[in-house]
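Just below is one structure, and these are the notes that go with it.
All of the numbers you see were taken from the coordinates with simple rules; none came from a lab. Treat the numbers as computed from the prediction; the structure is a model and nothing was measured. Ideal geometry is used to build each Cβ from the backbone, glycine not excepted, and the neighbour counts take in all protein chains shown.
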Amino acid sequence: MKSIAVFVVILIASFVAAQDKPKLAELTKVGDDYISVDGFWEPDSPTKQNELVPTAIHIECNRHGGREANLVHTEAFCVVATAMISPIGSLMADFSWQAASWDDDEITISDDSSICLINKTFFDLKRKTVTGLDIRKPEAKGFADSCKILPDRQSYYLRDRVDYTMFHVAAKK
C-alpha cells in the first residue's frame, strides 16, 4: 500500500514539474453561433502590483438575438458571470450582458463601466483562446487620484480553471 502512495506522489510531482506553462482556457464552440468558456484571468507578466483576486469566470456568447430581445443594442451579445470570495470571506457573484462584435475570426466585447478602466476581451475563434486588455482612461481620476496608480495597459490570458486550481502560484515581487 505504501508503494502505491509513493508512486502517486512521484507521479504528481513529475506532472507538476512538467507544467512549464499554464494551460489556457479553451473555448467550447457549438456551431457558428454560440461559444462558452470557463477560467480565471491571469496577468501576462505577474507582479505583486498586478496580482488579481482569484475570480472564476464563465462567458457565453451568442451571435444572434441581442437586438431582438432588446438585451444589448447589437445583434451579438455575451453574458459574463463571475464569482469570488470577498475580503470578509463571503461569496460574491455577478453577471452582466455585454454587446459584442463577432466575425469569422474573433469576438470582441468591451466594458467601459469601470471608473478607471476600459476592459476589452478578445475571443480568438481559430485558436479557441481568450485574452483581455485593461486600458486606463486618461481622463479618469478616481477617489484621491487612485486611477493614476494603475498601469496604462495590462494584458491578461484566460487560464483553464482546473489548471489554475491545481497549479496557480502567487506572483513574485
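Observations
- Note, ³J(HN,Hα) from phi for region 53-65, Karplus 6.51, -1.76, 1.60, rounded to Hz, x at Gly and Pro: 5, x, 9, 6, 10, 10, 10, 10, 10, 10, 6, 10, x
- Taking all Cα pairs closer than 8 Å and separated by 6 or more residues, the relative contact order of region 26-167 comes to 21 percent.
- Computed from the C-alpha gyration tensor, the three semi-axes of the ellipsoid equivalent to region 32-173 are 26, 19, 15 Å, from longest to shortest.
- Rounded if a/c under 1.5, otherwise prolate or oblate - region 91-173, Cα gyration tensor axes: oblate
- Distant-in-sequence amide contacts of Thr55, defined by a placed amide H-H separation under 5 Å and a gap of 5 or more residues or a different chain, comprise Trp41.
- Lysine pairs in region 26-167 whose alpha-carbon atoms fall under 27 angstrom of each other, counting only those eight or more residues apart or on distinct chains, come to 12.
- Placing unit charges on the Cβ atoms only, positive for Lys and Arg and negative for Asp and Glu, gives region 26-167 a dipole magnitude near 420 debye about its Cα centre.
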